[in-house]
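The values are calculated or read from the model by the stated rules, or taken from the named source; none is laboratory data. This structure is a prediction, so every number in the text was calculated from the model and none was measured. Ideal geometry is used to build each Cβ from the backbone, glycine not excepted, and the neighbour counts take in all protein chains shown.
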Amino acid sequence: MQRQYGRNQRVADLIQRELAPLFQRDLRNPEFGLVTISRVDLSPDLGNARVFLTSIGGTLNQDSLITNINKQASHFRHELAGKLRLRSVPKLHFTYDTAIEKGERLYSLIASLKTDSDSDQTP
């Protein structure tokens, strides 16, 4: 049984913490908007890292944003190698995190149900 907060989670948190300032410095294109890292998942062998991103205020759609950032994955990996004290830095794979959009959609559905039930009870 795997520990709750093992090495994988610590390395994932470290990658997220070190990538955030790199994104602020290197992704200053207004087309990207504000890009944030929502979470990092590591493979059990620490060889691959899936980095989940969100973006607010950009003009690019999700697919082109992720394509552009994945083109820079080797640059970010090289920068991380200088900052992290790991034997090998995992390969970075960027993915758009749709959890926020799904949450907003559920919230709007619940809010619409609430307004519908309020309008039903008024005489």
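Of the set (1) in contact with a helix residue (DSSP H, G or I) (Cβ under 8 Å, 6 or more places away or on another chain); (2) crowded, with 17+ Cβ neighbours inside 10 Å; (3) under 20 Å from T98 (Cβ atoms), all apply to L65 but (1). Looking only at residues in region 1-58 that are in contact with a strand residue (DSSP E or B) (Cβ under 7 Å, 6 or more places away or on another chain) and of a type in the set (K, R), the one that is nearest to H93 (Cα to Cα) is R50. For the subset of region 19-57 comprising residues that are surrounded by 12 or more Cβ atoms within 10 Å (Cβ to Cβ), of a type in the set (D, E) and out of contact with any Leu (no Cβ under 6 Å at 6 or more places or on another chain), which member is modelled with the highest pLDDT? It comes out as D41.
Tell me, yes or no, whether region 100-116 has at least one residue that is aliphatic (A, V, I, L, M), surrounded by 12 or more Cβ atoms within 10 Å (Cβ to Cβ), at pLDDT below 85 and not in a loop (DSSP other than H, G, I, E, B). Yes, region 100-116 contains at least one residue that is aliphatic (A, V, I, L, M), surrounded by 12 or more Cβ atoms within 10 Å (Cβ to Cβ), at pLDDT below 85 and not in a loop (DSSP other than H, G, I, E, B).
Residue count for region 1-57, restricted to those that are farther than 21 Å from L86 by Cα, in a helix (DSSP H, G or I) and in contact (Cβ under 8 Å) with a residue 24 or more places away in the chain: 1. Going residue by residue through region 36-43, is there one that turns out to be in contact with a Ser or Thr (Cβ under 7 Å, 6 or more places away or on another chain) and either β-branched (V, I, T) or within 24 Å of I15 (Cα to Cα) (or both)? Taking every residue of region 36-43 in turn, at least one turns out to be in contact with a Ser or Thr (Cβ under 7 Å, 6 or more places away or on another chain) and either β-branched (V, I, T) or within 24 Å of I15 (Cα to Cα) (or both).
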